[in-house]
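What follows draws every value from the coordinates through simple rules; no lab data is involved. Predicted model only: the values in this text are computed from it and were never measured. Note that each Cβ is placed from the backbone with ideal geometry, even for glycine, and that neighbours are counted across all protein chains shown.
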Amino acid sequence: MKNNTKIKREYALKNNESYIEQMKAMDDKKLSKHIDLFREQMEKAYNQGNVDAYELLYEYEKQTIIARANKNN
């Protein structure tokens, strides 16, 4: 059975284009804050050896960075 974190990661991967489009409408400061929070959480997950959480947070961070970089395109 898959754990909740793996399911969330699969869903994030499956719907990444939609999420990126939604985030492109967000304020740049808010996106920046999300990136900072994801990085803090990734560090905690790494230190705890929680690979599933780390991979999920990495995907969230990546999508947020893509949205922020493509915001004005």
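Go through the chain and name the chymotrypsin sites (Phe, Trp or Tyr not before Pro) that are in a DSSP coil and have 15 or fewer other Cβ atoms within 10 Å of their Cβ.
none
Determine the shape class of segment 4-69: with a ≥ b ≥ c the square roots of the Cα gyration tensor eigenvalues, call it rounded for a/c under 1.5, and otherwise prolate if a/b is greater than b/c, oblate otherwise. Mind dumping the intermediate values first?
Values: a/c = 3.13, a/b = 1.35, b/c = 2.31.
Oblate, since a/c reaches 1.5 and b/c is not below a/b.
Among TYR46, GLN22, ASN4, flag the residue with its Cα farthest along the positive direction of the charge dipole of segment 1-50, charges on Cβ as +1 for Lys/Arg and -1 for Asp/Glu.
Checking the options against the dipole of segment 1-50, the answer is ASN4.
Placing unit charges on C-beta atoms (Lys and Arg positive, Asp and Glu negative, everything else neutral), compute the dipole magnitude of the chain about its Cα centre in debye, rounded to 20. Don't skip to the end; give the middle numbers.
Values: 14 positive and 12 negative charges, 22 e Å.
With Lys and Arg at +1 and Asp and Glu at -1, about 100 debye.
Extending each Cα 7 Å along its Cβ direction at ASN50 and ILE7, get the distance between those two points in nm, one decimal.
1.7 nm
Add -39500 (n - 2.57) for each DSSP H run of 4 or more in the chain, then divide by its residues: what number comes out at 222 nm, to the nearest 500 deg cm²/dmol?
Rounded to the nearest 500, the figure is -27000 deg cm²/dmol.
List the pairs from LYS30/LYS62; LYS33/LYS71; LYS44/LYS71; LYS14/LYS62; LYS8/LYS44 whose alpha-carbon separation is above 23 Å, in the order I gave them.
LYS44/LYS71
Test of the criteria: in the chain, which trypsin sites (Lys or Arg not before Pro) are in a DSSP loop and have at most 10 other Cβ atoms within 10 angstrom of their Cβ?
Counting only loop positions with at most 10 other Cβ atoms within 10 Å, the trypsin sites (Lys or Arg not before Pro) in the chain are LYS2.
With label points built 7 Å along Cα→Cβ from the Cα atoms of LYS71 and LYS33, find their separation and express it in nm.
Taking the simple label geometry, LYS71 and LYS33 are separated by 1.3 nm.
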